[in-house]
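Below is one structure, written out as structure tokens; comments come after it.
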Amino acid sequence: HASTEGITKFLPSAMGLLLQKEVEAMGRALESPEKPLAALLGGAKVSDKMLLLDNLLGKLDHLFIGGGMCVTFLNALGFLTGASKVEEDRLDFARQIMDRAEAANIKVHLPDDVVIANEFAADPGDTDVVNVGDVPDGWYIMDIAPSSAQDFAEALSRCKTIIWNGPMGVFEMPKFSQGTRTVAEAIAGLSGVTTVVGGGSTAEAVEELGLMDKMTHVSTGGGASLEFLEGKELPGIAALPDA
């Protein structure tokens, strides 16, 4: 914090235009979003998104879960997920999130089918598309399947504010980037919709796809943007005078 919060004690400090834009965009999406509000969450681990899920759940109308995260959620529902990494210590949390969502009438969207590979590698020996109930032993879930990506895209098109954090598959491996691409292109093509993209890997994916200027706001804050969406007070922002 020395370079952000500490310096404000010694020098006049104010929020720069980029930071102001970032705080306003994410703050609006959290506090006064146009409804329906959706969160599209992916990335490798549920444990990285626990605080985010806790903070967002009471505000959402739709929750979409892809990426490695969906493995633990699918497992919590009783599906066998092959050799994919299941966060055993997060299964109860996943069930609690789904129970809370149901009680609050929040629609949870999980993939119905997935792209699988017989090894966790950029160029595996074999790949397939199967229903989530049919993942064989020893195989890895690598991406949401094209039909599930289309289902996500269609449901997202009915939302007015979308917060996106985390790719839908192993995006850095080209063979498993299609789910993220499909969803990103669908979101980018929506009009009259506020789209807030946060998190380093998600911003990288959007930039790589050439869609930065099609989103309402793409956060450059990386981990700090995730903390903001989690509802945490950021020392560097809290130390600034209201302007």
Practice problem: Could you grab me the full set of residues in segment 46-64 that are assigned to a helix (DSSP H, G or I) and of a type in the set (A, V, I, L, M, F, W, C)? | Solution: MET50, LEU51, LEU52, LEU53, LEU56, LEU57
Self-check item: Check on GLY210, part of a loop (DSSP other than H, G, I, E, B) and over 12 Å from the mean Cα position of the chain (by Cα)
Solution: yes
Quiz prompt | Listing of strands (runs of 3 or more DSSP E) fully contained in segment 100-204 that carry 3 or more residues being touching a residue at least 40 places away in the same chain (Cβ under 8 Å) and within 17 Å of GLY42 (Cα to Cα) | solution = 107-109, 140-144, 161-165
Self-check item: Residues that are out of contact with any Leu (no Cβ under 6 Å at 6 or more places or on another chain) and buried (at least 22 other Cβ atoms within 10 Å of the Cβ), drawn from segment 136-161
Solution: TRP139, TYR140, ILE141, MET142, ASP143, ILE144, ALA145, SER148, ALA149, PHE152, LEU156, CYS159
Quiz prompt | Residue selected from segment 55-87 under the condition surrounded by fewer than 20 Cβ atoms within 10 Å (Cβ to Cβ) and touching a residue at least 60 places away in the same chain (Cβ under 8 Å), by the criterion nearest to ASP151 (Cα to Cα) | solution = ASP61
Practice problem: Identify all residues within segment 65-99 that are within 20 Å of PRO167 (Cα to Cα), among the basic types (Lys, Arg) and in a helix (DSSP H, G or I); write none if there are none. | Solution: ARG90
Exercise. Evaluate the following for GLY231: is it more than 14 Å from the chain's Cα centre (by Cα), of a type in the set (Gly, Ala, Ser), surrounded by fewer than 21 Cβ atoms within 10 Å (Cβ to Cβ) and modelled with pLDDT under 95?
Key: yes
Quiz item: Could we say that VAL132 is touching a Cys at 6+ places or on another chain (Cβ under 9 Å), aliphatic (A, V, I, L, M) and buried (at least 21 other Cβ atoms within 10 Å of the Cβ) here?
Solution: yes
Quiz item: Would segment 6-13 turn up any residue that is assigned to a helix (DSSP H, G or I), among the polar types (S, T, N, Q) and modelled with pLDDT under 65?
Solution: yes
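The values are calculated or read from the model by the stated rules, or taken from the named source; none is laboratory data. The model shown is predicted, which means the values in this text are computed figures rather than measured ones. Every residue, glycine as well, gets a Cβ built from its backbone with ideal geometry; the counts of neighbours run over all protein chains shown.
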